[in-house]
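Take a look at the structure below.
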Amino acid sequence: MTSLVPLHNPAHDLPAGAVPLPVAVQLAREALAKHADADIRHGSAMYLAASDLQHALRNLIGALDGPQHP
């Protein structure tokens, strides 16, 4: 039996604001482009898309919520 592994692991994820906003936006765009043609019927493609997109979204939200440096 395999154990469940969450997509989000606070112990290993970057803290809020660790990625500058322009980098977070670029990573989000790249993740969207990478998975734009993913087949909804292909389980592993959906898993990879979900993982990449969640990571990109967390970076983006962290950059928006994190401390702003001039």
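Values for this structure:
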read-out	value
Whichever residue in the range 35-70 is part of a loop (DSSP other than H, G, I, E, B) and surrounded by 11 or more Cβ atoms within 10 Å (Cβ to Cβ) and, among such residues, is nearest to the chain's Cα centre (by Cα)	HIS35
Some residue of the range 18-30 being modelled with pLDDT under 75 and surrounded by 13 or more Cβ atoms within 10 Å (Cβ to Cβ)	no
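The values are calculated or read from the model by the stated rules, or taken from the named source; none is laboratory data. What you are looking at is a predicted structure, and each value in this text was computed from that prediction instead of being measured. We place every Cβ from the backbone using ideal geometry, glycine too, and count neighbours over all the protein chains shown.
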